[in-house]
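The values are calculated or read from the model by the stated rules, or taken from the named source; none is laboratory data. Here the structure is a predicted model, which is why all the values come from computation and not from measurement. Positions of Cβ are generated from backbone atoms using ideal geometry, with glycine treated the same way; all protein chains shown enter the neighbour counts. Heads up: the accessible areas ignore ligands, DNA and RNA and are worked out on the full protein's heavy atoms, side chains in. Shrake-Rupley method; radii C 1.70, N 1.55, O 1.52, S 1.80 Å.
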Amino acid sequence: MVSGTNIVDTGDLTHMKRKWGGEVTIWPSLLKNLLSPDMGAKLYFLRGDQALYPGFADSHAHVLGYGSSKQLSLSGASSIDEVVQRTHDYVRSHPDLSSNGWIEGYGWDQNLWPEQHYPTSESLDSPVLRDRLIVLYRVDVHALWVSPKVLELLRDSLPSEVDGGIIVRDGLGNPTGVFVDNAMALVEAIKPEWNEEQMFEFLKTTVRDAVRFGLTSIHDASTYPFMIRFFRRMADQNLLPIRLYLMAHLDDSEYWGDKIHPIADHPSGNLAMRSVKLFSDGALGSFGAALFEPYFDNNNTRGTLIYPPSTISSLIESFVANGWQTNVHCIGDRANHLVLNAFEKAINNEASVIQREFASSLGPSTSQTKHDREFFIALAGNKLRLRLEHAQIMTRGDIERAGRLGVIASIQPTHATSDMSYAEQRLGPERIRGAYAWQSLYQWVCFVSLPAKSTSHILHHSAGARLALGSDAPVESLNPLKGFYAAVTRLWPNGDSPHGPGGWYPSERLTRFQTLKAMTLNAAYASFSENKLGSLVPGKLADFVILSKDIMTVPQQEILEAKVAATVVGGKLVYGSLH
């Protein structure tokens, strides 16, 4: 039962008729409704095989980046020549483009090309493109490729090296036009920020697709200050039809939390920001993920740390101390390990504060046990809700540690199905077993006892490393059903994998219940909103989606066939139809 923006009651039809009055007439074959004479309530019936779920959340996506990526999509391009041709076609189809305007494309992946090596600016040296300012982002947005004109603007000012990044050079030491990780900032520094008109168009594109896919909320992973200001203006004007949870970000190795201000729940109910996003390393596909040992297929590198270990540790400590939920991009096992070291220190410090306050409230008490300490660590983890964004490659010890600390593992299942054609080649047969290890992360559940003088004696802390599901769009598809399918099958959409139709390392699959929870209630927990979002219970906001099939019961090959019939946010229909 929905009233206004909230769910006010749940139950079966008999319960609803008894409580709210009225008779029910079901018209043939369609969703039917009844106007109750007492409450003015409309009663809708699902039709056919339809099923209703809490609104889906994307715990890690790039809202404006996704909209921007739809201008010039390079996704799936099978060669350098195809990328160049798509760029040619884009320029020719947009005759109104200013000769001095910047052209951005997204999605190239050298792993899909016969050459399997980085491109160069020379490939963009054609009559149509030569004098254009072009920046083409790799699929993971951890590398970019520029046109000769951009490279010419940069050439005289390029440093010999960049900490935490790479300027790709040829055998003579000349820059080739590809910049990786921190080196990308050299290009970004001369490229203007998006203007208001651009951002509004990008937002409309993202929202259009989000509601079409059943998404009612998105966690925006890297929101720069100019974006924060834009989203606040949109919320002020009630132009955000879905809920956004922002992760603030600045490209700065010094503490910058005092340069931004949290956004408590905005009056619109659709905007909040209490978290920051940091980066610890690069991406696997561009050899940027920071590993303990060299890459299995490239012994010359162990990847890239964006910041020295002492810097990332100091940043995490400062942000946590100043009340920010701290979310850190971690791909490689070394990156995850270093960040978990800092997380563990922060959680232990917070646990000690909570423990002292608890002991003070009880007065003199008996000696504390190991299990008591685990309880306070669990409370501290719940308070801070620190997040590993990706948690992609981890040692078995760090998988256990993340669970023990109650760290949130913000994962993107389609990363595994996109990477599984080459991931083992990158990591080798042993290290791969700690990669995309979702079920292992899920299984670390803690049982801890409360101190003897407390009112309760046993706490079943089932958080472990809570999993929150996302897409990393535009790196992957924004469609949450693709993530759901990847999580429960570890297969490509065609039903196959490098290990066959049984799935790629199938022991790490998630169950359908685990997956649904990770994209609803756990996602709400990861944004401190589990008391109002993530499940369909009285008192929570009426965010829900209706699918044409029940993804919890249909054969797995039919999951991707499900279509969104309706998306509702705060009791308001934002996509589809209820009748």
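Structure values in brief
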| item | result |
| --- | --- |
| Residue identified as over 27 Å from F202 (Cα atoms), without any contact (Cβ under 8 Å) to a residue 60 or more places away in the chain and outside any loop (DSSP other than H, G, I, E, B) among E115, E122, E104 | E122 |
| Hey, L284 aliphatic (A, V, I, L, M), over 30 Å from P119 (Cβ atoms) and either at pLDDT 95 or above or part of a helix (DSSP H, G or I) (or both) or not | no |
| Every residue from the stretch 315-349 that is within 24 Å of I166 (Cα to Cα) and either β-branched (V, I, T) or part of a helix (DSSP H, G or I) (or both) | L315, V328, I331, D333, R334, A335, N336, H337, L338, V339 |
| For D163: the one exception among (1) more than 22 Å from A289 (Cα to Cα); (2) open to solvent by 20 Å² or more (accessible area, probe 1.4 Å) | (1) |
| The stretch 138-159 - residue that is without any contact (Cβ under 8 Å) to a residue 40 or more places away in the chain and closer than 25 Å to G332 by Cβ and, of those, surrounded by the most Cβ atoms within 10 Å (Cβ to Cβ) | W145 |
| Subset tally (residues that are among the polar types (S, T, N, Q) and more than 32 Å from the chain's Cα centre (by Cα)) for the stretch 147-202 | 3 |
| So S222, is it in contact with a strand residue (DSSP E or B) (Cβ under 7 Å, 6 or more places away or on another chain), open to solvent by 10 Å² or more (accessible area, probe 1.4 Å) and among the small types (G, A, S) | yes |
| Test for T120: is it at pLDDT 95 or above and under 28 Å from H390 (Cβ atoms) | no |
| Residue in the stretch 85-103 that is modelled with pLDDT under 85 and over 30 Å from L521 (Cα atoms) present | yes |
| Answer residue from the stretch 497-533, given it is aromatic (F, W, Y) and surrounded by 19 or more Cβ atoms within 10 Å (Cβ to Cβ) and is farthest from S418 (Cα to Cα) among those | Y525 |
| Elements of type strands (runs of 3 or more DSSP E) contained in the stretch 143-255, each with 1 or more residues being closer than 24 Å to G571 by Cβ | 215-223, 243-248 |
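Yes/no per residue for (1) surrounded by fewer than 19 Cβ atoms within 10 Å (Cβ to Cβ); (2) closer than 30 Å to Y422 by Cβ; (3) hydrophobic (A, V, I, L, M, F, W, C):
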{"site": "P267", "(1), (2), (3)": "yes, no, no"}
{"site": "L278", "(1), (2), (3)": "no, yes, yes"}
{"site": "L284", "(1), (2), (3)": "no, yes, yes"}
{"site": "F292", "(1), (2), (3)": "yes, yes, yes"}
{"site": "D297", "(1), (2), (3)": "yes, yes, no"}
{"site": "T304", "(1), (2), (3)": "no, yes, no"}
{"site": "T311", "(1), (2), (3)": "yes, no, no"}
